[in-house]
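> Attaching a single structure in structure tokens format; questions to follow.
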Amino acid sequence: MDPVRLSDVEGLSDEEFTLGLKVAREQRVAIFVVAYNAESHIRDTLLRIPDELRQHLTSIFVIDDSSSDETIPLARALRDEIPILEVFRTPYNQGYGGNQKLGYQYASRCGFDVVVLLHGDGQYAPEFLPRILAPFDDRETAAVFGSRMMVPGAARRGGMPLYKFVGNKILTFAENRLLDASLSEFHSGYRAYRVSALEQVPFEYNTDDFHFDTEIIIQLLGRGLKIVEVPIPTYYGDEICHVEGIPYAVHCIGTVLRSRANRYHLVYHPKFDVFGSDEYVFKEAPNTVHQYVLDYDWRKEARVLELGAGHGEVGLRLHQKGLEVAAVDLEVPDRDFPYPYERVNLDRPFADSLVETMDGPADYVVALDVIEHLSRPERSLREIGRAMKPGGTLIASTGNVAYVLVRLMLTIGQFNYGKKGILDRTHTRLFTVRSFCRTLEGEGFRIDLVRGFGPPVRDMIGTSPLLRFIDGVASWLARVWPRLFAYQILVEATRLDDVDTLLDRTLESGTEPAAALSSG
């Protein structure tokens, strides 16, 4: 066939011509063609890439996914006409997603700036590549998706079967709602990525199946990267569709739900490790551990030691109440505090240095979600006791591994560590209500109060009326039956005299006069 010229492409504006060519001239742009048994279309697909654009591209590379037909020789026969064309074959079939992983890794290895995904079966028009490339003139653009749904009625006029049109609309609506997104289509395979954006997402963990495209959208959204949609024409010809509709839809919704669970730290998978950060978040809702501690009946001018202070927000607010605060953590925030904030490894002896820092032992020690992170909690609790006055109060919290949702997950064989929450992957010890209290008692503390808290729904998810109701019910259940419904346990405990102190006091009785001992 004759080379396609941009001037012959109907529907492309002059601005799209200009910007698309500008991007190809100024950036290293590669066209990545995925192919599987595409002998009927591969030649035309490659030749339909507009000639003016082809002259400015850095590379056109085909990765054939171990086809059983003549796709490879037909593509390689075009290398004289298209000098920048490279044709590769996978050692064995990778699947649609697996093939994309190879192409994006190759794009990263070669140092391309932009890589465009083009299907070898000709379903997506190569003539509209300038429209796909044009948004990359904005360096903030991370991805461009060709959408068949942006122009009302265009998909049906282009031959999209009614059942596919309706399924696409329903699935996209559900995915937008679940992901807080606003894309017109999740399921177009005509897309392009800035390679530096691909390097920010763990796409290598994604599925090898067709819902790879959905997973990479989730990853881009999780990173807050800019996605631009552009309208593309719809074309349905004699290409073979390898996607089974119902299983594909189930996989898409399933992966969206898993990403939501990952986002709320109910499960963990590294491919969805793109939401938020590992930083410990201060809880603003009134029925949370942080607010309980701030509203606690503190003795005036008491000396408070906060362990694992993190962002320092709790200690700062206690200081504002007039308490004498000292804080420690393994890392100190890059901000100024009006009280001592020391870098201390709580897995090593620390009591003596902290007592010196505070000019005396603490009246209170606050250890919120700290003890489960320590390599040897028992040894660290003994150090905590040494840093406190006899009769001082320890306020400590931890996650409850016997929480009802964890139990339910175990019944179906699921035990997943996460970035945060009960099964935080940095936890070295998991506790139930009983085991946490038993550990404290074993290290010389008397348990005065145990209080359960529900999951921080308002701070983690939202504050809609429904979520506020769920939050209230969860909070009530956690107080009534903490062993089962507490997501988080808080214990107030009194520091008792240790054995050495009791022995010293006992031995002191031997120095009193005999008459005093026998009087009465």
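> Restricting to segment 393-418, what's the tally of residues that are in contact with a Lys or Arg (Cβ under 7 Å, 6 or more places away or on another chain) and either on the phi > 0 side of the Ramachandran plot or not hydrophobic (A, V, I, L, M, F, W, C) (or both)?
Looking only at that region, the number is 2.
> Quick check on my filter: what residues within segment 282-329 are in contact with a helix residue (DSSP H, G or I) (Cβ under 7 Å, 6 or more places away or on another chain) and surrounded by fewer than 19 Cβ atoms within 10 Å (Cβ to Cβ)?
Phe282, Glu284, Ala285, Leu294, Arg317
> Mind counting the residues in segment 341-377 that are within 33 Å of the chain's Cα centre (by Cα) and surrounded by 14 or more Cβ atoms within 10 Å (Cβ to Cβ)?
16
> For Arg382, only one of the following conditions fails: (1) farther than 17 Å from Gly442 by Cα; (2) surrounded by fewer than 20 Cβ atoms within 10 Å (Cβ to Cβ); (3) not hydroxyl-bearing (Ser, Thr, Tyr). What is its number?
(1) is the only condition that Arg382 fails.
> Shifting gears a bit: Against the condition of a type in the set (A, V, I, L, M), in contact (Cβ under 8 Å) with a residue 12 or more places away in the chain and either touching a His at 6+ places or on another chain (Cβ under 8 Å) or more than 30 Å from Arg468 (Cβ to Cβ) (or both), how does Ala302 come out, does it pass?
For Ala302, the condition - of a type in the set (A, V, I, L, M), in contact (Cβ under 8 Å) with a residue 12 or more places away in the chain and either touching a His at 6+ places or on another chain (Cβ under 8 Å) or more than 30 Å from Arg468 (Cβ to Cβ) (or both) - is met.
> From the list Arg458, Arg451, Arg438, Arg446, exactly one residue is modelled with pLDDT of 90 or more and either out of contact with any strand residue (DSSP E or B) (no Cβ under 7 Å at 6 or more places or on another chain) or aliphatic (A, V, I, L, M) (or both). Which is it?
Arg438
Listed here are the residues, each with its yes/no results for (1) in contact with a Phe, Trp or Tyr (Cβ under 7 Å, 6 or more places away or on another chain); (2) of a type in the set (A, V, I, L, M); (3) on the phi > 0 side of the Ramachandran plot; (4) not in a strand (DSSP E or B).
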{"residue": "Glu86", "(1), (2), (3), (4)": "yes, no, no, no"}
{"residue": "Lys101", "(1), (2), (3), (4)": "yes, no, no, yes"}
{"residue": "Arg109", "(1), (2), (3), (4)": "no, no, no, yes"}
{"residue": "Tyr124", "(1), (2), (3), (4)": "yes, no, no, yes"}
{"residue": "Leu129", "(1), (2), (3), (4)": "no, yes, no, yes"}
{"residue": "Tyr163", "(1), (2), (3), (4)": "no, no, no, yes"}
{"residue": "Lys169", "(1), (2), (3), (4)": "no, no, no, yes"}
{"residue": "Glu175", "(1), (2), (3), (4)": "yes, no, no, yes"}
{"residue": "Ser182", "(1), (2), (3), (4)": "no, no, no, yes"}
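> I'd like the full set of residues that are within 25 Å of Ala134 (Cα to Cα) and either outside the structural domain of Glu127 (by TED's automatic domain parsing) or part of a loop (DSSP other than H, G, I, E, B) (or both), limited to segment 36-81.
Answer for segment 36-81, where residues must be within 25 Å of Ala134 (Cα to Cα) and either outside the structural domain of Glu127 (by TED's automatic domain parsing) or part of a loop (DSSP other than H, G, I, E, B) (or both): Arg48, Ile49, Pro50, Gln55, His56, Leu57, Thr58.
> Report those helices (runs of 4 or more DSSP H) wholly inside segment 436-497 carrying at least 3 residues which are exposed (fewer than 15 other Cβ atoms within 10 Å of the Cβ).
Qualifying helices (runs of 4 or more DSSP H): 465-480.
> When you scan segment 237-245, do you find a residue that is touching a Phe, Trp or Tyr at 6+ places or on another chain (Cβ under 8 Å) and either at pLDDT 80 or above or aromatic (Phe, Trp, Tyr) (or both), even just one?
Checking segment 237-245: not a single residue is touching a Phe, Trp or Tyr at 6+ places or on another chain (Cβ under 8 Å) and either at pLDDT 80 or above or aromatic (Phe, Trp, Tyr) (or both).
> Determine, yes or no, whether Gly111 is of a type in the set (Gly, Ala, Ser), closer than 21 Å to Pro202 by Cα, in contact (Cβ under 8 Å) with a residue 24 or more places away in the chain and exposed (fewer than 14 other Cβ atoms within 10 Å of the Cβ).
Against the criterion (of a type in the set (Gly, Ala, Ser), closer than 21 Å to Pro202 by Cα, in contact (Cβ under 8 Å) with a residue 24 or more places away in the chain and exposed (fewer than 14 other Cβ atoms within 10 Å of the Cβ)), Gly111 qualifies.
> Whether any residue in segment 144-153 is touching a Lys or Arg at 6+ places or on another chain (Cβ under 8 Å), of a type outside the set (A, V, I, L, M, F, W, C) and at negative phi is what I want to check.
yes
> Sort out which residues of segment 146-175 are in contact with a Leu (Cβ under 8 Å, 6 or more places away or on another chain) and exposed (fewer than 15 other Cβ atoms within 10 Å of the Cβ), and write them in order of number.
Arg156
> For Leu449, only one of the following conditions fails: (1) out of contact with any Phe, Trp or Tyr (no Cβ under 7 Å at 6 or more places or on another chain); (2) hydrophobic (A, V, I, L, M, F, W, C); (3) over 26 Å from Asp295 (Cβ atoms). What is its number?
Every condition holds for Leu449 apart from (3).
> If you don't mind, another one. Based on what the data block shows, is Gly158 more than 25 Å from Gln100 (Cα to Cα) and more than 23 Å from the chain's Cα centre (by Cα)?
Here the answer is yes, as Gly158 does meet what is asked.
> Separate question: Being assigned to a helix (DSSP H, G or I), under 19 Å from Ile217 (Cβ atoms) and in contact (Cβ under 8 Å) with a residue 12 or more places away in the chain is the requirement here; does Gly97 meet it?
Here the answer is yes, as Gly97 does meet what is asked.
> Is it the case that segment 408-418 has a residue that's within 30 Å of Pro390 (Cβ to Cβ), touching an Asp or Glu at 6+ places or on another chain (Cβ under 9 Å) and not polar (S, T, N, Q)?
Within segment 408-418, not a single residue is within 30 Å of Pro390 (Cβ to Cβ), touching an Asp or Glu at 6+ places or on another chain (Cβ under 9 Å) and not polar (S, T, N, Q).
> Could you go through segment 131-144 and let me know if any residue there is among the basic types (Lys, Arg), without any contact (Cβ under 8 Å) to a residue 40 or more places away in the chain and closer than 30 Å to Leu57 by Cβ.
yes
The values are calculated or read from the model by the stated rules, or taken from the named source; none is laboratory data. Model, not experiment: these values are computed from the prediction. A quick note on method: Cβ atoms are made from the backbone with ideal geometry, for glycine too, and the neighbour counts reach across all protein chains shown.
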